[in-house]
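Beneath this line is the structure, given in structure tokens, with notes to follow.
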Amino acid sequence: MRKNLSSQITLIRIPEKYYKPENEFEYSVLTRFEKIPAHIFASMDEGSLEIAQEIAGEIRSRQKAKRKFVLVLPGGRSPHTLFQHLIRMHEKEKLSFRNVVIFLLYEFYPLTNAAGSNLYQLQEAFLNQVDIPEKNVFYPDGFMNKNDIYDFCEKYEQKIKEFGGIDYMLLGIGMAGTIGLNSAGASMNAHTRLALMDNTSRKESAQSFNSLENIPAGVITMGLGTIMEAKKVVLISWGESKAAMIRQTVEGPATDALPATCLQHHSNAKAVIDLSSAYHLTRISHPWLVTNCEWDNKLIRRAIIWLCQLTGKPILKLTNKDYSEHGLGELLAIFGSAYNVNIKIFNDIQHTITGWPGGKPNADDSNRPERAEPYPKKIVVFSPHPDDDVISMGGTFRRLCDQHHTVHVAYQTSGNIAVGDEEVIRYCEYLLDVCARYSPKDSRLKTKAEEIIRYLRYEKKEDGRPERPDVLFMKGTIRREEARHASRYSGLKDENIHFLDLPFYETGLVKKKPLGEKDVETVKKLLLKIKPDQIFVAGDLADPHGTHKVCLDAVLAAIDGVKDLPWMKNCRVWMYRGAWAEWEMDHVEMAVPISPEELRQKRNAILKHQSQAESAPFLGDDERLFWQRAEDRNRATAETYRQLGLAAYEAIEAFVQYIPIR
């Protein structure tokens, strides 16, 4: 069973020559806008293996010289695949870590429980599984008295000097350009110190804590001065959520507003990233500016959209001069004139637009994104959380129902941890009122409601332990009924609403279990039961807490298991995007226009999820509510179509087709 198929989704074909040049000359041409050497790999696993092999080589070299190897490790999820490779090397290749000295880059402060600490996470993921002596691991104590912090920081720096300085520093990068959680404006001369976290960094740290309220206000962290003194610095980044920040860090100006850009001044720093994280670098996103291109339809479309945005012109008004002056003369040579390119791309984009997302019956579908037959179709919409369906494709969802397709929705997780305690208290108080009126002698329900209220108000402690099962049941039930209400409002029948409650999610904590066979089998069982003609699945990998990716992998693994069955060969899979990002125009393969009335109905469906309206703990860095994000995103997509010279719509929901991997 293949469990990580989402990492193999390639929206555009990126020739290896763009990220694996044949020689130094080609590399220098491709990277002329890059101020930090960027090493790009096809996947996170390949990049992590490269770093692991580099670290292993350094360790063995120091062992031969009978010297210590001083390694700085960050927090977060970015290094976990690297840790797995190092653990494998320890177990299979007898790589010893006895000469390794570990310094932690930072620790949260003040801590209230050890389970949320950076040290605990690193011990679980790496330190406890290799033979690093405990005496060789140095870290800030998140529980220390605040009066001791200054002395500790002095001693921490002194201890680094006693070992001869930092040999190898591993860094992640935050969504606000932070490194070591050093925020905008941090001094280049700062060393280990107590620093306050910016709001974005606090939200990114939610993985280690049950709620935003429990995230400490600060960190004891190595400053930019300490980082710059390291002999070697490696910045790692995986996934598209960091792509914009990687571009600014690697190609943008050095500024204290983005602390990571200080690495442009380090003599031995490099970035190791995957293709998703490298997506906005010039050689990947706009290769025509640095080299001769291998043109295909998607790259041509991307270039033309870029040219329209640069010149402020719609597609059909672009001229030969526009192409020549902006590095796209190759296209004139291939097509003969601007007009020939323009009309091709205009028609290409126009053919993505359809008011019939399930296919228009009895119509010529040769230039439509979906087939006319069969009609009506059996359709499954997979929703990672109980509100992603209406947030991401609420207009299309309603349209499919209105056009008489047999639509099913499958909520993959309960979403229970995203319900605030105050919501449970409110519902329990409602239960008490109902019991008092209609069943005053039944003490069991009354006692349980009172017990939950008492626990949540007075007894609950944030100690890193999973939430109580009875509270999780209440939270899951709240989300389930909200989802049922929103689906009915959108036109769905009760019998077509499915709650999968995938096991990976049910930990009672923000941190989830890895995707397992039971998760995939649950999805596969539903597909075999319905045998759909069309599947919609969340392709939004920028979800800040990772659930969307796991849910996508579960569906893709299930599809992988049934892809050779006759009904699946005739089934199309469409990926939508959720509250965190939108498909870029050059990727869109189906665009469903939404009228003003349908947009209002979509908003109403989203608002049925009252527990997520304002108190949801995982809104991310975007302060807008989910319905506001959805409307702004859908309107922005429609505006982009208008600017390109196509019809003006109120809003558009966009989709990309997924082709099962062979």
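The values are calculated or read from the model by the stated rules, or taken from the named source; none is laboratory data. Remember, predicted model here, so these are calculated numbers, not experimental data. Note that we place each Cβ from the backbone using ideal geometry, even for glycine, and neighbour counts take in every protein chain shown. All accessible areas refer to the heavy atoms of the entire protein, side chains included, with ligands and DNA or RNA removed. Shrake-Rupley method; radii C 1.70, N 1.55, O 1.52, S 1.80 Å.
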- Message: Please go through the range 149-170 and give me each residue that is charged (D, E, K, R) and farther than 12 Å from residue 222 by Cα, ordered by number.
- Response: 151, 155, 159, 161, 162, 167
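Conditions (1) touching a residue at least 12 places away in the same chain (Cβ under 8 Å); (2) of a type in the set (Phe, Trp, Tyr), marked per residue:
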{"site": "275", "(1), (2)": "yes, no"}
{"site": "295", "(1), (2)": "yes, yes"}
{"site": "319", "(1), (2)": "yes, no"}
{"site": "337", "(1), (2)": "yes, no"}
{"site": "348", "(1), (2)": "yes, no"}
{"site": "353", "(1), (2)": "yes, no"}
{"site": "366", "(1), (2)": "no, no"}
{"site": "372", "(1), (2)": "yes, no"}
{"site": "375", "(1), (2)": "yes, yes"}
- Query: Is there any pair linking a residue in the range 526-537 that is basic (Lys, Arg) to one that is assigned to a strand (DSSP E or B) and open to solvent by 20 Å² or more (accessible area, probe 1.4 Å), with Cβ under 8 Å and at least six apart or on different chains, and which?
  - Reply: 531/378
- Checking residue 93 against (1) under 30 Å from residue 193 (Cβ atoms); (2) acidic (Asp, Glu); (3) open to solvent by 30 Å² or more (accessible area, probe 1.4 Å), which test does it fail? (1)
- Query: When the residues of the range 138-180 are filtered to those that are of a type in the set (Val, Ile, Thr) and within 30 Å of the chain's Cα centre (by Cα), which remaining residue is surrounded by the most Cβ atoms within 10 Å (Cβ to Cβ)?
  - Reply: 179
- Message: Just to be sure I understand, how many residues within the range 18-38 are touching a residue at least 40 places away in the same chain (Cβ under 8 Å) and buried (at least 16 other Cβ atoms within 10 Å of the Cβ)?
- Response: 8
- Query: Within the range 397-405, is even one residue within 25 Å of residue 552 (Cα to Cα), more than 31 Å from the chain's Cα centre (by Cα) and surrounded by 15 or more Cβ atoms within 10 Å (Cβ to Cβ)?
  - Reply: yes
- Task: Kindly list the number of the only condition in (1) part of a helix (DSSP H, G or I); (2) more than 27 Å from residue 549 (Cβ to Cβ) that fails for residue 417.
- Result: (2)
- Determine whether residue 120 is in a helix (DSSP H, G or I) and surrounded by fewer than 14 Cβ atoms within 10 Å (Cβ to Cβ). no
- Message: Among the residues in the range 480-491, are any outside any helix (DSSP H, G or I) and not acidic (Asp, Glu)?
- Response: yes
- Counting only helices (runs of 4 or more DSSP H) wholly inside the range 525-615, the ones holding at least 1 residues that are touching a helix residue (DSSP H, G or I) at 6+ places or on another chain (Cβ under 7 Å) and surrounded by 23 or more Cβ atoms within 10 Å (Cβ to Cβ) are 547-562, 596-607
- Evaluation of residue 113 against (1) within 30 Å of residue 148 (Cα to Cα); (2) surrounded by fewer than 17 Cβ atoms within 10 Å (Cβ to Cβ) (one fails), failing number: (2)
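Conditions tested, residue by residue: (1) under 30 Å from residue 650 (Cα atoms); (2) within 30 Å of the chain's Cα centre (by Cα); (3) part of a helix (DSSP H, G or I).
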residue	(1), (2), (3)
343	yes, no, yes
371	yes, no, no
380	yes, yes, no
409	yes, yes, no
- Looking at the range 445-464, which of its residues are out of contact with any Cys (no Cβ under 7 Å at 6 or more places or on another chain) and either hydrophobic (A, V, I, L, M, F, W, C) or in contact (Cβ under 8 Å) with a residue 60 or more places away in the chain (or both)? 456, 462, 463, 464
- Sole miss for residue 348 among (1) open to solvent by 40 Å² or more (accessible area, probe 1.4 Å); (2) more than 25 Å from residue 639 (Cα to Cα) is condition (2)
- Query: What are the residues in the range 97-110 that are open to solvent by 20 Å² or more (accessible area, probe 1.4 Å) and assigned to a strand (DSSP E or B), if any?
  - Reply: 106, 109
- List every residue pair whose Cβ atoms sit under 7 Å apart, with the two residues 6 or more apart in sequence or on different chains, where the first one lies in the range 56-68 and is open to solvent by 40 Å² or more (accessible area, probe 1.4 Å) and the second, anywhere, is of a type in the set (A, V, I, L, M, F, W, C). 58/69; 68/101; 68/163
- Query: Going by the conditions given, is residue 330 acidic (Asp, Glu) and touching a residue at least 24 places away in the same chain (Cβ under 8 Å)?
  - Reply: yes
- Item | Residue check, residue 509 modelled with pLDDT of 90 or more and of a type outside the set (S, T, N, Q) | no
- Item | From 6, 48, residue being at pLDDT below 90, open to solvent by less than 40 Å² (accessible area, probe 1.4 Å) and part of a helix (DSSP H, G or I) | 6
- Task: Pull up the range 477-524, narrow it to residues that are more than 21 Å from the chain's Cα centre (by Cα) and closer than 21 Å to residue 2 by Cβ, then point me to the one that is surrounded by the most Cβ atoms within 10 Å (Cβ to Cβ).
- Result: 523
- Which numbered condition residue 300 misses (of (1) surrounded by 14 or more Cβ atoms within 10 Å (Cβ to Cβ); (2) without any contact (Cβ under 8 Å) to a residue 60 or more places away in the chain; (3) not in a helix (DSSP H, G or I)): (3)
- Item | Boolean, residue 70 is more than 26 Å from the chain's Cα centre (by Cα) and part of a strand (DSSP E or B) | yes
